[in-house]
Amino acid sequence: MTAPDDNHLEHPSIALLFELIRRPSITPDDAGCQDILAEHLTRLGFECEAMPFGDVKNLWARRGTSGPVLCFAGHTDVVPPGSDGEWQSDPFEPTVRDGNLYARGSADMKSGLAAMIVALENFVEAHSDHTGSLAVLITSDEEGRARDGTLKVIEALQARGEHIDWCVLGEPTSQSTLGDIVRVGRRGSLSGMLTVRGVQGHVAYPQLADNPIARFAPILSELHTVEWDQGNEFFPPTSFQVVDIRAGIGAPNVTPAELSARFNFRYSTVWDHEGLKAKVHSIFDAHDIDYELKWHLSGEPFLTDAGKLTEAVTQAISEQTGEAPELSTGGGTSDGRFISPAGTDVVELGPVNSSIHKVNEYVCIDDVVKLTTMYQRIAELMLT
Ligand SMILES: [Zn+2]
């Protein structure tokens, strides 16, 4: 299984990564991963606290009682492997080919977890008298509903007055090479479920019917042409996308009584969800239309301003790769949306994400070793 060019297989991060991958922790099942992490952290002098909510396991671990608090965060759950036949090797048996480690969760994000635990071990060994506190926040509910995971842990911490100053999330943020992109924020995500009501009728007698498709068409056009904003230094312009429209009863001579549609906004910090909803309603209300709109907010946008944490992360990466990372807010949502609102600076840094959620997901073994050094360096720059 091991090719001659596969160095680093003895590295503690890789050993830990193997252990984690062999636990098939399909969301929201943690499959014992957090017990392994807690064992390591307890040995390091962390106080480990299980924080289960519903069927979701969460782990909060802290070393130290004073501030500031530097927290490493992530998730043990993975998405299902999907089409088994297309995997070249067992998705839950780490397999090395050409310096890459293939398995479900290898990039998203068990390598992030393994790297941060070993980074903390190295850091504490060298700086057992560090300032402030180290913390680790792990959930098994990031890939699923994300209701009983990080969100609930943050609520519980806030309720007892425990504050996280800085958080490094180990999500796979790199695009082509390790550390080329870090996330300093994420766009918000707001979905709308629309129903337009009309009156069904004969296509030849439109005056006797009320076609909801015709009612909605000009509004849809307007929603597409409105300039929601121009974005800002860190965010692209807000985007509106329709993902589904249905109407019609399947007969060519009948206009329908109802239309339903779903759409989604990915929005910048120019908006909050209330403002965006109000703007959409004002567009609908300017037309003669009988409609109902239900909303689902996945997360408000957040942005971590340039400061000590972004500087430390940039320096830690530059020292390894020779290049400063791009500070970006692209990609989907992440658990950063739950951590940031508590007044926490959040930066996400992890391995290359080109294979995440796909069959034959992999991570470059050398990158996991480098990532370990980066995390360790961030801790040094923040807490010594
Ligand atoms: Zn992830």
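The values are calculated or read from the model by the stated rules, or taken from the named source; none is laboratory data. Quick caveat: nothing in here was measured; it's all calculated off a predicted structure. Here the Cβ is made from the backbone with ideal geometry for all residues, glycine too, and neighbour counts use every protein chain on show. Each accessible area value is taken on the protein alone, full model and side chains, heavy atoms only, with ligands, DNA and RNA left out. Shrake-Rupley method; radii C 1.70, N 1.55, O 1.52, S 1.80 Å.
Observations on the model:
- Hits in the stretch 154-172 - residues which are of a type in the set (Gly, Ala, Ser) and either within 16 Å of the ligand (Cβ to nearest atom) or crowded, with 18+ Cβ neighbours inside 10 Å (or both): Gly170
- The one condition in (1) touching a residue at least 24 places away in the same chain (Cβ under 8 Å); (2) surrounded by fewer than 19 Cβ atoms within 10 Å (Cβ to Cβ); (3) away from the ligand (no atom under 14 Å from the Cβ); (4) of a type outside the set (S, T, N, Q) that Gly85 fails to fulfil: (1)
- Top-ranked residue in the stretch 182-194 [being open to solvent by 10 Å² or more (accessible area, probe 1.4 Å) and under 23 Å from Pro325 (Cβ atoms); ranked as farthest from the ligand (Cβ to nearest atom)]: Arg187
- Members of the stretch 97-125 found to be touching a helix residue (DSSP H, G or I) at 6+ places or on another chain (Cβ under 8 Å) and open to solvent by 10 Å² or more (accessible area, probe 1.4 Å), listed by number: Gly99, Asn100, Glu121, Asn122
- Residues of the stretch 206-239 that are open to solvent by 60 Å² or more (accessible area, probe 1.4 Å), without any contact (Cβ under 8 Å) to a residue 60 or more places away in the chain and closer than 28 Å to Thr269 by Cα: Ser221, His224, Thr225, Glu227, Gln230, Asn232, Glu233, Pro237.
- Residue in the stretch 295-305 that is under 26 Å from Arg62 (Cβ atoms), within 16 Å of the ligand (Cβ to nearest atom) and open to solvent by less than 30 Å² (accessible area, probe 1.4 Å) present: yes
- Search result, residues across the stretch 292-310 that are in contact with a helix residue (DSSP H, G or I) (Cβ under 8 Å, 6 or more places away or on another chain) and farther than 20 Å from Leu151 by Cα: Leu293, Lys308, Leu309
- Flag for Ile36 being closer than 22 Å to Thr173 by Cα, outside any loop (DSSP other than H, G, I, E, B) and among the β-branched types (Val, Ile, Thr): no
- The stretch 248-276 - residue that is touching a residue at least 40 places away in the same chain (Cβ under 8 Å) and among the aliphatic types (A, V, I, L, M) and, of those, nearest to Pro206 (Cα to Cα): Val254
- Residue that is least open to solvent (accessible area, probe 1.4 Å) [pool: residues in the stretch 72-82 that are more than 12 Å from the ligand (Cβ to nearest atom) and in a loop (DSSP other than H, G, I, E, B)]: Pro81
- Residues that are touching an Asp or Glu at 6+ places or on another chain (Cβ under 8 Å) and either within 14 Å of the ligand (Cβ to nearest atom) or open to solvent by less than 20 Å² (accessible area, probe 1.4 Å) (or both) within the stretch 350-373 comprise Gly350, Pro351, Val352, Asn353, Ser355, Ile356, His357, Glu361, Ile365, listed in sequence order.
- Among all positions in the stretch 114-133, there is at least one residue which is within 21 Å of Pro24 (Cα to Cα) and more than 16 Å from the ligand (Cβ to nearest atom).
- Filter pass, Val270 being in a strand (DSSP E or B) and over 26 Å from Ser174 (Cβ atoms): no
- Checked against (1) modelled with pLDDT of 95 or more; (2) open to solvent by less than 40 Å² (accessible area, probe 1.4 Å), Gly322 passes all but a single condition, namely (2).
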